[in-house]
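The values are calculated or read from the model by the stated rules, or taken from the named source; none is laboratory data. Quick caveat: nothing in here was measured; it's all calculated off a predicted structure. Cβ atoms come from the backbone with ideal geometry, glycine included; neighbour counts cover every protein chain shown. Ligands, DNA and RNA are excluded from the accessible area calculation, which covers all protein heavy atoms including side chains. Shrake-Rupley method; radii C 1.70, N 1.55, O 1.52, S 1.80 Å.
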Amino acid sequence: MKCLFYIAGDVSNYSIVNYELNGQTQNTFFAAHALYNLFKPDKVIALIPDSLVKDNVSDEECYKNLVINRAKELNFAGMEEFMNKVEIRKIPNVGIASAIQCENGAPKKEKNKEGREVLKRLPYNEKRSPIFIFNAIYAIFKDEACDEYLVDLTHGTNVLVSIGMNVGALFNAKFYSAPVMGMPGKDSIVNIVELTDVVQATNDSLMIRSSIENLDERYFKDYSAKLSRLNPTIFEEEEKKVLTRVKGTDVNVVINFLWNIRNGFTVNAVKSMNELKNIINQLEEDLEKLKSFYKNWEEHKNFQGETLLVLSDLDSTLKVKDLLIEGNDLEKLNYLLDLYIKASIYDKALSLARELPVAICLNKVGGGMFDDKNEKYKHCNEIVTSYLRLRYSGLMEFRNTLMHGGLSTDMKPNVDKDGNITPGKIVTKNKIEDFVKRELRNYFDKIVNFLSSA
């Protein structure tokens, strides 16, 4: 089911114009009606701010009659049929305004100081929380359960438009607005602007940041396919050089880096840090150049039509710099332990805290391979294992619990003949979290200090 939602506005002074979208034109006096004719949705829902009209019986009828009366004033036919299809949902507003007064569904009129007949209005003043408004609009969107949401943001206060866009971003929504500055002349052409790409760009950039912060490449929005469609040759020389480099940026290096970290391939992750550093430094330099092009947009006429480039995607990717440090590989692995703890990736934190001391020991005894046939490795592993079992058995126990999916001898689960499993030992989420967040780093440092003095 396709639904058209629109924030209702005061149509009493709207003019008939030609609304245009993708080469199609609709002659009407408000954008929602034009969108209805263009998209033929199954349902039309008007979100009426409680600041718009006040009626002693029905605000809904008051609004519908307000639209129908304006259509009659403009000699515009067919509006009653449209308004009969519109379903009304009242939404809360915030701020100071004046609501149109109605009686029994009919807008009331009075004479102003000049003797002209105008709509009678009542003062409106509300101090509601924006979150309350967000929840009210979200509940309406959710309750409709549409397959596709078309959201018209042409009218409404700044607060309602902003909240409407943010709510719609959580659904399968497309956004439209028909900007009119000043009073348009009769039959002026008003372009309906689709804002869906802007909302998507915001969501993608936030996901890229979240992906990097949480060390999880699965949230990363790969924008390399869009960049591949860039044609740098059509731009000026300075712009062309920057765009050529940006187009050639291999985003997969960042994605692979995060994949290695998330899956515990810490040695691979450390090795890719230097490669990443070179890419990120160049991207940072290019981003500064691109920002200057946009800030000085009047001087870069050819650049104004570029839609394949989203600066926030590039800027969010630079967040990966927070994961890069200088130092040798052991120092970088030590740093990864902190990243795992911060990102609450408990199994990898416990595993690295268990194995890294062995690598530190190998370094101290002159180096060696992680191999049971290697005497140096056997020596270091035995020292670390014995020390952990003696002093910090919790590290070993929690690590085995997580690495074996709960089916470990530490947990002592019992499997009966009917295929049922009874946990022998309960290890709660809070217990593991407390250990990793509060104690693991301290335990690890004590192990390293022990190895230094051994």
(request) Go through (1) open to solvent by 80 Å² or more (accessible area, probe 1.4 Å); (2) out of contact with any Lys or Arg (no Cβ under 9 Å at 6 or more places or on another chain) and name the single condition A106 misses. (result) (1)
(request) Kindly establish whether R89 is in the same structural domain as L35 (by the TED database), in contact (Cβ under 8 Å) with a residue 12 or more places away in the chain, open to solvent by 50 Å² or more (accessible area, probe 1.4 Å) and under 22 Å from P41 (Cα atoms). (result) yes
(message) Being open to solvent by 60 Å² or more (accessible area, probe 1.4 Å) and not assigned by the TED database to the domain that holds Y346 is the requirement here; does T249 meet it?
(response) no
(message) Test of understanding: among G406, G368, which residue is surrounded by 11 or more Cβ atoms within 10 Å (Cβ to Cβ), under 38 Å from the mean Cα position of the chain (by Cα) and not hydrophobic (A, V, I, L, M, F, W, C)?
(response) G406
(request) Taking the residues in the range 129-183 that are among the charged types (D, E, K, R) and in contact (Cβ under 8 Å) with a residue 40 or more places away in the chain as candidates, determine which candidate is most open to solvent (accessible area, probe 1.4 Å). (result) D147
(request) Tell me which of these N268 doesn't satisfy, since it passes every other one: (1) open to solvent by 70 Å² or more (accessible area, probe 1.4 Å); (2) out of contact with any Asp or Glu (no Cβ under 8 Å at 6 or more places or on another chain); (3) not in a helix (DSSP H, G or I). (result) (3)
(request) Report, by residue number, each residue of the range 371-399 that is surrounded by 16 or more Cβ atoms within 10 Å (Cβ to Cβ) and among the polar types (S, T, N, Q). (result) N381
(message) Which count do you get for residues in the range 271-297 that are under 18 Å from N260 (Cα atoms) and open to solvent by 70 Å² or more (accessible area, probe 1.4 Å)?
(response) 4
(message) Considering only residues that are among the small types (G, A, S) and either surrounded by fewer than 19 Cβ atoms within 10 Å (Cβ to Cβ) or outside any helix (DSSP H, G or I) (or both), which ones fall in the range 310-337?
(response) S312, G327
(message) Which count do you get for residues in the range 338-357 that are surrounded by fewer than 21 Cβ atoms within 10 Å (Cβ to Cβ), more than 23 Å from L206 (Cβ to Cβ) and of a type outside the set (S, T, N, Q)?
(response) 4
(request) Working only within the range 241-284, note down all residues that are modelled with pLDDT of 90 or more and hydroxyl-bearing (S, T, Y). (result) T244, T266
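Every residue, every condition in (1) modelled with pLDDT of 95 or more; (2) touching a Ser or Thr at 6+ places or on another chain (Cβ under 8 Å); (3) under 17 Å from S312 (Cβ atoms), yes or no:
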| site | (1), (2), (3) |
| --- | --- |
| D143 | yes, no, no |
| S162 | yes, no, no |
| N166 | yes, no, yes |
| F175 | yes, yes, no |
| V190 | no, no, no |
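Would you please name the residue that is farthest from the chain's Cα centre (by Cα), looking only at residues in the range 26-58 that are part of a strand (DSSP E or B), polar (S, T, N, Q) and surrounded by 15 or more Cβ atoms within 10 Å (Cβ to Cβ)?
T28
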(message) Take the conditions open to solvent by 40 Å² or more (accessible area, probe 1.4 Å), in the same structural domain as F30 (by the TED database) and under 43 Å from the mean Cα position of the chain (by Cα) and apply them to N69. Does it pass?
(response) yes
